[in-house]
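Here's the structure we're looking at; comments come further down.
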Amino acid sequence: IVTGGNSGIGYETVLELAKKNARVFMASRSEEKAKEAIEKIKKETGKDVEFLCLDLADLKQVKKAAEDFLSLKIPLDILVNNAGIQYVSPIETFPIGQWDDVLAINLSSAFHTTRLALPRMRANHWGRIINIASVHGLVASTNKSAYVAAKHGLVGLTKVTALETATTGVTCNAICPGWVLTPLVQQQVDAKATALNVSIADATKQLLSEKEPSMQFTTPEELGELAVFLCSPAGNNVRGVAWNMDGGWTAQ
Ligand code: NAD
């Protein structure tokens, strides 16, 4: 299961796993967007990906969807907690509803999917839980209080899950990307271009130069391949890491 699999990093993770013949469920709150993405994958790989309806802002629905899925008695080997949202504002004016949504979607949903998936994985003596965190799980930036808090929390949850499963075939790790040009970041580029009254190209250059020494975006494909590596036998004893792929952002 890959949450938020219809777009960006989640989409490429679904694609890379499908290429490796995994039976993948794309969890998304929008059936229409998921269906479009599933069709694209079918065209590219010939593989069938399935749809799982899941709105991660509604934590009661996460429990219900997970229970429905588990009742299908399909093995659950790999869980990628990828869905996420961003909201940018100083703390004093940060809307409370946005704080609650960022924490629910970026952090609490991963707690719920993990707690519900673990018994099945333990019973099977094998499992991979991959949390798509962020460099913002390791370092902070201004105006991103909810996101930074949620991603630091997700890295913490990853470590606890890894310790509680350390003697089993289940591993849990976090992937921490720097800038990746997906809709989530395009919004921030567009906002910068408007705020500074510069072109999109100049806003992009400025965004990268502030944080990412490589001056390059990490690609969703690179991140999907890292997820595949963590699922491979070579990843058996990789446990509780927060693996950054960030063009040198956190090396500074
Ligand atoms: P994206 O906007 O392309 O994808 C986000 C996905 O989350 C979408 O599929 C969206 O439908 C889903 N989602 C959002 N709210 C949801 C909800 N309530 N219920 C179910 N699904 C929901 O963004 P992306 O950049 O691919 O982000 C994927 C993950 O990577 C996020 O957790 C994000 O924080 C993280 N990340 C992104 C970057 C980046 O630069 N793009 C960097 C570091 C970490």
Which numbered condition trips up residue 184, out of (1) touching a Gly at 6+ places or on another chain (Cβ under 7 Å); (2) within 20 Å of residue 248 (Cα to Cα)?
-> (2)
Residue 116 passes all but one of the listed conditions (1) away from the ligand (no atom under 12 Å from the Cβ); (2) modelled with pLDDT of 95 or more; the exception is number (2)
Of residues in the stretch 30-70 being surrounded by fewer than 16 Cβ atoms within 10 Å (Cβ to Cβ) and of a type in the set (A, V, I, L, M, F, W, C), the one nearest to residue 102 (Cα to Cα) = 59
Note on residue 100: of the conditions (1) more than 14 Å from the ligand (Cβ to nearest atom); (2) surrounded by fewer than 19 Cβ atoms within 10 Å (Cβ to Cβ), unmet is (1)
Which of the residues that make up the stretch 14-34 are out of contact with any Phe, Trp or Tyr (no Cβ under 7 Å at 6 or more places or on another chain) and in a helix (DSSP H, G or I)?
-> 14, 15, 16, 17, 18, 19, 32, 33
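Given the criteria crowded, with 16+ Cβ neighbours inside 10 Å, under 30 Å from residue 23 (Cα atoms) and of a type outside the set (Lys, Arg), does residue 118 qualify?
Considered against the rule, which asks whether it is crowded, with 16+ Cβ neighbours inside 10 Å, under 30 Å from residue 23 (Cα atoms) and of a type outside the set (Lys, Arg), residue 118 comes out as yes.
Rundown of residues vs (1) over 16 Å from the mean Cα position of the chain (by Cα); (2) of a type in the set (Val, Ile, Thr), yes/no style:
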site	(1), (2)
148	no, yes
153	no, no
163	yes, no
175	no, yes
183	no, no
196	yes, no
222	no, no
Close pairs from the stretch 169-184: first aliphatic (A, V, I, L, M), partner near the ligand (Cβ under 6 Å from one of its atoms), Cβ under 8 Å, at least 6 apart = 174/132; 175/132; 180/8; 180/9; 184/8; 184/84; 184/85
Subset of the stretch 196-252 that is crowded, with 16+ Cβ neighbours inside 10 Å and at positive phi - its residue that is farthest from the ligand (Cβ to nearest atom) | 240
Scanning the stretch 10-24 for residues that are under 23 Å from residue 61 (Cα atoms) and within 13 Å of the ligand (Cβ to nearest atom), which turns out surrounded by the fewest Cβ atoms within 10 Å (Cβ to Cβ)?
-> 11
So residue 141 fits all but one of (1) of a type in the set (Ser, Thr, Tyr); (2) closer than 29 Å to residue 77 by Cα; (3) more than 9 Å from the ligand (Cβ to nearest atom); what number is the exception?
-> (2)
Residue satisfying all of: in the stretch 81-115; out of contact with any strand residue (DSSP E or B) (no Cβ under 7 Å at 6 or more places or on another chain), assigned to a loop (DSSP other than H, G, I, E, B) and hydrophobic (A, V, I, L, M, F, W, C); farthest from residue 176 (Cα to Cα) among these | 94
How many residues are more than 13 Å from the ligand (Cβ to nearest atom) and modelled with pLDDT of 95 or more if we restrict to the stretch 46-75?
-> 5
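The values are calculated or read from the model by the stated rules, or taken from the named source; none is laboratory data. Everything quoted here is computed from the prediction, not taken from an experiment. All Cβ positions, glycine included, derive from the backbone under ideal geometry; neighbour counts span all protein chains shown.
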